[in-house]
Each structure stands twice: as C-alpha cells, then as structure tokens.
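As structure tokens, the structure follows; a few thoughts come after it.
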Amino acid sequence: MTKVPVEFTLNTREQNEFVETGSTLLSALRDRLGLYGTKAGCHQGTCGACTVIIDGEPHLSCLTLAERCQGKDVTTLEGLAPAGALHPLQQAFMDGFAAQCGFCTPGMILAAKCLLDRNPDPTRDEVVDAISGNICRCTGYEPIIAAILTAAQGMRKPARKRA
Amino acid sequence: MTRKRGRGMAAVNYPTGMNLGGDPSQALIHATTTGSFVVTLSSVDLGQGLKTVMAQICAETLGVPTDNVIIDTADTDTGPHCMGTFASRGTHRIGNAIIMAAKEARAVMLEVAAEELEVDAGDLVTDGAGAIHVKGSPQKSISIFNVALAAHFKHGKSISGRGIFLQPRSYPEPETGKMTPATCYAHACTVAEVEVDTETGEVAVLSLKSAYEVGRALNPRMVEQQIIGGAWMGISHALYETTEPYYPDRAHGPVDFNQYLMPGPGDLPEFANVVIERPAADGPFGAKGVGEMTANSPIPAIANAIFDAVGVRVDSLPITPEKVLRGIRALNA
C-alpha cells in the first residue's frame, strides 16, 4: 500500500499523519489515532454513527478519504470537551436521558452541533431534519430531539447576557 | 386521493421472566477498604439502564449513597450466574438477588459499627448519606468509610453478602394444564391514531397514547425512556421492519439500512404516556418488568386503527403499503 502524508487540524491541534491511499478518515481516527469516540457502524454511509465535523459541516467519516482531509479542520466528539467540562449538548443528552446503548450518541451530538453553530434557535422540525441521517435503535428519537432543543436554549442564554 | 383516519386500541398482560429449567440470578456484594460496595453480577447492561437501577436497589437496601455502589458486570464466565437480561426479568430477578445480598452485607456492616461504637447493633440506623448512628442520638455516629477500614484492619471481618433469586421450574398440572411460568405480570394499554393514504397505501401514525402499570417505577425517567423507545420499536415492527419483502427469493432481502426500513425522527407520532404503580408483592420494592411490553401493545393498536380507517384487516407484519392497497382493492372488488 502506498502511504501519503496528510496535514490537517484535529480538535484544534495540528495533526501530521501518513495514511494509506484509499483509506477512510474513520479508519485513520480509530485505527491510527485511537480516537474511539467516532463509531464505526454500517461503513456505507447509511447510519450516521461515524459523523464528524469537517470545516463546520457534518460529514460521514466512513465515506471520507483520509487523504482528502489535507488542510481541513476536523472535529470529533473528543474535541467537544477538551478540558473535561462537558459541552452543553453532552450535558443535555445526559440530563435528558437521550442515550441508551450510546452507539449513535457521538454522531447525534456532532450533527446537532453543526445545526446549532449555524442556527442557534432551531425549530423542532429543523432539529429533526438535522439528525435525519442518524439512526437510533433505542430511544425512539424523542429524548434526543428534546435534548438538542434544551441545549440550544441553554447555549443562547449566555449570549444574551453579553449583549 | 383520500386520507382516512382511524383509531385502534390494544392491551397486553406481560409476564416478568420465563420458565425454562428454572430462572435464577445471583448477586455477590462486598465492601472495599474505603467503604464502597461492589456488586458482582454476570448480568449484562445493553443500554436499558440495568446498572443504574441495580445501584439504586443496592444503595437503598444497604442504607448508603448510590455513589458508593459499584456495579461490576465484567464477566459472564466468572461472575455469579445470571440467566441473562431478557424476558423483562432484569429489574425483578437481579434486583431481588441484590436485596438478599445487601441485607446480609448490611448486617455485618452494622455488627462492625456496633463494636466500634460499643452499642447494640439493633440500635443502629443508617442515614443514607454515608454514616451510621445510634437511633435517636445522631452525634453517636461513625462513617461507613471508618466501618469498612475497621472491618478490614481491626476485626478481620468481610462486609459481604450473597443473594440469589430463583423462580423454580413450573410443570403444567396434568388435569388442567395450569402452570406458573412467570412471576408478576405488568399491564399496558395503547390507543393508536393513524392516517391511511388510500392511493399509496402508506400509513402515518399520528399518536400513540398508552397507560403502563409497572408495579413501581424505580427510576421514573428511565421507565419513560423505555416506554418512548419501545413505542418507536412498536411502530417499526408494525409498519416497517422485515427481512423479506423481496419476492421471490430471500436472497433478495434487505442487506443494509437503505433497504431495511425503520421510522426516522421525522416519522414520530405524538406520544402521551401514563404510568400507574401497583407494587408487586414479589418485586424488588414492588417493581415489575417494563422493558419489552412497551413494544407490544402499539403493534395491534396500529393494526386495529388501520382497520378502523379503511376496513382492511392485515394479519401479518409489517403492514406494508402493498398489503394495505391489496386489502382496499379486495374490499372494492
């Protein structure tokens, strides 16, 4: 296998890796970098468990070639709580019982983060749309939708105080 | 094109546990040197919240904070035997085993505390916040941390307990066929409201309204979580999931999530749930099993609602648009 160098930003840190040509970002994250927050589900882009954020947009890391991440800004679940303090979305998922087995949770949270970053005050329908590419087998989605709306509300409050 | 609405109802009596060659679960509890209590199980938490509820049951029985309980489900080979987490049996069977083990451990814990405080063990109470004191005089007190240290290093006592719950094998009575295959029964009733598109055969579930009688909801938020998740699974079984919609060969069946269909977050109905608590005499703190029945009553309720809407009685799952359209055509023939 040919290896190629890739330089990208991973969770705000510069990352230089040699990756096999044709290998996926999912494989680089889990198998090379040991970042298991990104889940490997269907490996064909239908379940959403491997969702990561690339340049502010949600991407399926199982369908993203690692070498195409050259110069990109990649955020995984590990990047949400760098100092150990939970991100408001993580806290809302915990408080709202929005996880059971937890396998879809990282993808759900990152898909939700992309939504809230571009739309801090989403409607329920917009939340449903944002997570419609992510499959959950346990919760019935309802607690997840509620947690995202709760997190959005909480994240808007500090912004108002500053204004 | 018309969209027709209908309403259907279904009820379920759901047994807790099952009856093969007897249905046992064991629990072993021991205190660490610093007064944490480790509950060793070979029961598996697959997301339903077993560890949380078992920690609650153990803490309540021991009289210690829930944070002081560690649930160890590490190894089904070496752990005390459990039949498994299925048949909605976890809370009931394992919970009862933990209560038995925790009572034994609590007795040793109070014996050690009694020796340390030079009082009678019968006069001691736990405050549930990490201390043991003499009834009526809270100032005569010792922390569970210090009791555990003393047990290990002064008294040479193991603060531990063994627990098992067994539902023995039940054989049918030859005359009547009567048997006792399970323990307590939980109950549920669901009313479903659907809208059927008579042109496409598609069914949309508009609302699922359910009442659940669960004995006692040991963790109300997790009971609610089970109910909503189960209702979604019920919709999924009723209308979507199948391994073989593809005629004629099963090899043409679905191989991925593009073909194996499930409702997404956009397909959710309005949910309304009521939990009724009538504690079961044999349940841990009155609890029955709530897990699986949450996916049961929605299915026939949806089938009945479709019948109410368009007069089509479908008796195999899932109720696909094709089956609905064939039914409508047969009615009009």
Fill in: Tally, over the stretch A:1-35, of residues that are part of a loop (DSSP other than H, G, I, E, B), within 17 Å of the chain's Cα centre (by Cα) and surrounded by 14 or more Cβ atoms within 10 Å (Cβ to Cβ)
3
Worksheet item: Can you tell me how many residues in the stretch B:311-333 are more than 25 Å from B:Thr243 (Cβ to Cβ) and either surrounded by 22 or more Cβ atoms within 10 Å (Cβ to Cβ) or without any contact (Cβ under 8 Å) to a residue 40 or more places away in the chain (or both)?
Response: 6
Discussion item. Condition first: more than 20 Å from the chain's Cα centre (by Cα) and either of a type in the set (A, V, I, L, M) or not assigned by TED's automatic domain parsing to the domain that holds B:Glu193 (or both). Can you find one or more residues in the stretch B:37-51 that meet it?
Written reply: yes
Worksheet item: Residues in the stretch B:67-108 that are under 19 Å from the mean Cα position of the chain (by Cα) and assigned to a helix (DSSP H, G or I): how many?
Response: 10
Worksheet, complete the sentence: Flagged in the stretch B:128-158 as in contact with a Gly (Cβ under 9 Å, 6 or more places away or on another chain), assigned to a strand (DSSP E or B) and of a type outside the set (Ser, Thr, Tyr), in numbering order, are B:Ile132
Worksheet, complete the sentence: Being within 25 Å of B:Thr294 (Cα to Cα) and under 16 Å from the mean Cα position of the chain (by Cα) narrows A:Cys47, A:Cys114, A:Cys101 down to just A:Cys47
Discussion item. Cβ-Cβ distance below 6 Å, separation of 6 or more or different chains: which pairs start in the stretch B:195-220 with a residue that is closer than 17 Å to B:Ala301 by Cα and end on one that is assigned to a loop (DSSP other than H, G, I, E, B) and not small (Gly, Ala, Ser)?
Written reply: B:Val205/B:Pro269; B:Leu206/B:Pro269; B:Ser207/B:Pro269; B:Leu208/B:Pro269
Worksheet item: When the stretch B:247-297 is examined, which residues are found to be among the acidic types (Asp, Glu) and within 14 Å of chain A (Cβ to nearest Cβ)?
Response: B:Asp256, B:Asp267, B:Glu270, B:Glu292
Item to complete: Inspect all residues belonging to the stretch B:308-318 and state whether any of them is outside any helix (DSSP H, G or I) and closer than 27 Å to A:Gly96 by Cβ.
Response: no
Item to complete: Please find, among B:Thr33, B:Thr85, B:Thr78, the residue that is in contact with a helix residue (DSSP H, G or I) (Cβ under 7 Å, 6 or more places away or on another chain), among the hydroxyl-bearing types (Ser, Thr, Tyr) and surrounded by fewer than 16 Cβ atoms within 10 Å (Cβ to Cβ).
Response: B:Thr33
Item to complete: Considering (1) assigned to a strand (DSSP E or B); (2) within 14 Å of another protein chain (Cβ to nearest Cβ), say which one B:Gly47 fails and leave the rest.
Response: (1)
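Yes/no matrix, rows are residues, columns are (1) within 14 Å of chain B (Cβ to nearest Cβ); (2) surrounded by fewer than 18 Cβ atoms within 10 Å (Cβ to Cβ); (3) at pLDDT 95 or above:
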position: A:Gln90; (1), (2), (3): no, no, yes
position: A:Phe93; (1), (2), (3): yes, no, yes
position: A:Phe103; (1), (2), (3): yes, no, yes
position: A:Leu115; (1), (2), (3): yes, no, yes
position: A:Asn119; (1), (2), (3): no, yes, yes
position: A:Glu126; (1), (2), (3): yes, yes, yes
position: A:Ser132; (1), (2), (3): yes, yes, yes
position: A:Ala151; (1), (2), (3): no, no, yes
position: A:Ala159; (1), (2), (3): no, yes, no
Practice prompt. Residues that are farther than 26 Å from A:Glu142 by Cα and not assigned by TED's automatic domain parsing to the domain that holds A:Ile148: find the strands (runs of 3 or more DSSP E) completely inside the stretch A:39-100 holding 1 or more of those.
Written response: A:51-54, A:73-75
Item to complete: Output the residues belonging to the stretch A:41-77 that are surrounded by fewer than 19 Cβ atoms within 10 Å (Cβ to Cβ) and within 14 Å of another protein chain (Cβ to nearest Cβ).
Response: A:Cys42, A:His43, A:Gln44, A:Gly45, A:Thr46, A:Leu63
Discussion item. Against the condition surrounded by fewer than 17 Cβ atoms within 10 Å (Cβ to Cβ), hydrophobic (A, V, I, L, M, F, W, C) and part of a helix (DSSP H, G or I), how does B:Ala251 come out, does it pass?
Written reply: yes
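The values are calculated or read from the model by the stated rules, or taken from the named source; none is laboratory data. Everything numeric here is computed off the predicted structure, so don't read it as measured data. Note that each Cβ is placed from the backbone with ideal geometry, even for glycine, and that neighbours are counted across all protein chains shown.
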